[in-house]
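Enquirer: Structure below; questions to follow.
The values are calculated or read from the model by the stated rules, or taken from the named source; none is laboratory data. The structure displayed is predicted, hence computed values, not measured ones. Note: ideal-geometry Cβ built from the backbone for every residue, glycine included; neighbour counts use all protein chains shown.
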Amino acid sequence: MLALTISDLIATDDPVEVVERKGLGHPDTICDALAETLSRNLCRIYQQRFGRILHHNVDKALLCAGRSTPAFGGGSVDAPINIYLAGRATSRLGDEVIPIEDIAIEGSRSWLQANLHALDVDRHVRIHALVQPGSQDLRDLFSRNDRTPLANDTSFGTGYAPASALERLVLAVEHQINGRDRSDDHPAWGEDVKVMGVRHHRSVRLTVACAMIDRHVAHIGDYVGEKSALGDAVRELAQRHGFHECDVGINTADAAGMLFLTVTGTSAEAGDDGQVGRGNRVNGLITPFRPMSLEAAAGKNPVTHIGKIYNVVAQRIAEAIVRRVPGVDAANCLMVSRIGDPVNRPSVLHLKVATHKELAVSDVRQQVASVAEDHLNRLPGLIDEFVDGTIAVF
């Protein structure tokens, strides 16, 4: 029997809203990306060699910034970035050894080369793999997954829908900056981007930090021009999202002789360290006015780890309820696991829905419950999506 509770979600028109996104080259996002890359690569190798995914949780990573001397026209990285990948993973099955360190280092190098266009992985980064085998009790629990995976933790996940206009805008700003053709379109814009959106009623202030790459700006005039072009692009996006009063600030900490100028396009070269789980939630945003989990989803195994699975499923359930149930305007979803229980049977599944005025929650209860059951029954299919990288977790 599913422990399902459905109740009213009291929709409020809050006059203030705050939304943040850390972009692709932010040190925290880099850590999330490398942890998730390692998990996906381990899953693929486990499946290729043994026909199944073995126990692992590689959701610990630390980036220690290097030292650099940026300069107009091109500076230098004086001490490399150090990245430490840690966690637990099965490194031997029978007589066969899995080269965890090689998998971790090569996967990380490939991601960095593909996503940070001004970073020289050979010269600017040192990657250290510190992954060890997991504890016997958790390995045994994982191995008891015959047909239905068993939760390897007591934890929870949350989700909500629909996204607000500000949430969509903040996401769009970072995606546009980091989704452009970097070779032709403003190569001076680095991937280390952070967007903070604050709404007061219909008025919006966007503060955007974007690391500028020194070799693409010859002097202060070039730097100011790049900031101006970025501001124009952000204002245009705000207009498209319905915010006609939008105050945009780009690199607002700049002062005489103190600019967000970098060699590599990321503050990881000197200014900022990073860690898994300190950045975006699975919907790509940091939303203090919404229900959130503090779980670090990136790097957790996609078979049994609730901290990853339930946050994704809760978000999908909330979105599907709003999309598929007539009369529902908004939904929140909370899922709680108990270690050792089947993953597809949470100990708590609490759904809050906001309905049209003429509808009561009881009028849509059966449809809402059906949507939730459908997603729980399809949980095994999520594994392939995680391994293929089609589910974003940061």
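Enquirer: Of all residues being of a type outside the set (A, V, I, L, M), surrounded by fewer than 23 Cβ atoms within 10 Å (Cβ to Cβ) and more than 17 Å from GLU101 (Cβ to Cβ) in the range 56-69, which is farthest from the chain's Cα centre (by Cα)? Just the residue, please. Spell out the reasoning first.
Expert: Residues of the range 56-69 of a type outside the set (A, V, I, L, M): 56-57, 59-60, 64, 66-69.
After this cut, where a residue has to be surrounded by fewer than 23 Cβ atoms within 10 Å (Cβ to Cβ) as well, the list is 60, 64, 66-67, 69.
Next cut, more than 17 Å from GLU101 (Cβ to Cβ) only: 64, 66-67, 69.
Details: CYS64: 20, GLY66: 24, ARG67: 26, THR69: 30 Å.
Of everything passing the filter in the range 56-69, THR69 is farthest from the chain's Cα centre (by Cα).
Enquirer: Condition check: surrounded by 15 or more Cβ atoms within 10 Å (Cβ to Cβ), in contact with a strand residue (DSSP E or B) (Cβ under 9 Å, 6 or more places away or on another chain), of a type in the set (A, V, I, L, M, F, W, C) and within 22 Å of ILE213 (Cβ to Cβ). Does ILE98 satisfy that? Give the steps one after another, and end with the answer.
Expert: Working: surrounded by 15 or more Cβ atoms within 10 Å (Cβ to Cβ): yes; in contact with a strand residue (DSSP E or B) (Cβ under 9 Å, 6 or more places away or on another chain): yes; of a type in the set (A, V, I, L, M, F, W, C): yes; within 22 Å of ILE213 (Cβ to Cβ): no.
The answer is no for ILE98.
Enquirer: Do we have ARG92 as modelled with pLDDT under 95 and either outside the structural domain of GLY307 (by TED's automatic domain parsing) or crowded, with 17+ Cβ neighbours inside 10 Å (or both) here? Steps first, answer last, please.
Expert: Numbers: modelled with pLDDT under 95: yes; either outside the structural domain of GLY307 (by TED's automatic domain parsing) or crowded, with 17+ Cβ neighbours inside 10 Å (or both): yes.
Yes: the conditions hold for ARG92.
Enquirer: Moving to a separate point now. Can you confirm whether GLY225 is small (Gly, Ala, Ser) and part of a helix (DSSP H, G or I)? Quick ask: steps written out before the conclusion?
Expert: Values: small (Gly, Ala, Ser): yes; part of a helix (DSSP H, G or I): yes.
Yes; evaluated as a whole, the condition is true for this residue.
Enquirer: Would you confirm whether or not the range 176-185 contains a residue that is over 29 Å from ASN311 (Cα atoms), touching a residue at least 40 places away in the same chain (Cβ under 8 Å), not assigned by TED's automatic domain parsing to the domain that holds SER347 and not polar (S, T, N, Q)?
Expert: For the range 176-185, residues over 29 Å from ASN311 (Cα atoms), touching a residue at least 40 places away in the same chain (Cβ under 8 Å), not assigned by TED's automatic domain parsing to the domain that holds SER347 and not polar (S, T, N, Q): present.
Enquirer: PHE142 passes all but one of (1) among the hydrophobic types (A, V, I, L, M, F, W, C); (2) in contact (Cβ under 8 Å) with a residue 24 or more places away in the chain; (3) touching a Gly at 6+ places or on another chain (Cβ under 7 Å); which number fails?
Expert: (3)
Enquirer: Would you confirm whether any residue within the range 270-280 is touching a helix residue (DSSP H, G or I) at 6+ places or on another chain (Cβ under 7 Å), more than 30 Å from VAL313 (Cα to Cα) and either outside the structural domain of VAL58 (by TED's automatic domain parsing) or touching a residue at least 12 places away in the same chain (Cβ under 8 Å) (or both)?
Expert: yes
Enquirer: Moving on. So which residues in the range 70-79 are surrounded by fewer than 17 Cβ atoms within 10 Å (Cβ to Cβ) and either in contact with a Phe, Trp or Tyr (Cβ under 7 Å, 6 or more places away or on another chain) or not in a loop (DSSP other than H, G, I, E, B) (or both)? I'd like the intermediate steps shown before the answer.
Expert: Keep residues of the range 70-79 that are surrounded by fewer than 17 Cβ atoms within 10 Å (Cβ to Cβ), which gives 71, 73-74, 76, 78-79.
Result: SER76, ASP78, ALA79.
Enquirer: Can you tell me which residue among GLU373, GLU295, GLU319 is crowded, with 22+ Cβ neighbours inside 10 Å and among the charged types (D, E, K, R)? Steps first, please.
Expert: Working: GLU373 fails: crowded, with 22+ Cβ neighbours inside 10 Å; GLU319 fails: crowded, with 22+ Cβ neighbours inside 10 Å.
Exactly one residue qualifies, and that residue is GLU295.
Enquirer: Taking VAL193 as the residue in question, decide whether it is out of contact with any Cys (no Cβ under 9 Å at 6 or more places or on another chain), modelled with pLDDT of 95 or more and not assigned by TED's automatic domain parsing to the domain that holds VAL303.
Expert: On the way: out of contact with any Cys (no Cβ under 9 Å at 6 or more places or on another chain): no; modelled with pLDDT of 95 or more: yes; not assigned by TED's automatic domain parsing to the domain that holds VAL303: yes.
The answer is no for VAL193.
Enquirer: Among the residues of the range 8-21, is any over 18 Å from the mean Cα position of the chain (by Cα), buried (at least 18 other Cβ atoms within 10 Å of the Cβ) and closer than 20 Å to HIS128 by Cα?
Expert: no
Enquirer: In the range 80-109, what residues are touching a residue at least 24 places away in the same chain (Cβ under 8 Å), in a strand (DSSP E or B) and hydrophobic (A, V, I, L, M, F, W, C)?
Expert: ILE81, ILE83, LEU85, ALA86, ALA89, LEU93
Enquirer: Among the residues of the range 236-252, is any within 22 Å of ASP272 (Cα to Cα) and in a loop (DSSP other than H, G, I, E, B)?
Expert: Scanning the range 236-252 turns up at least one residue that is within 22 Å of ASP272 (Cα to Cα) and in a loop (DSSP other than H, G, I, E, B).
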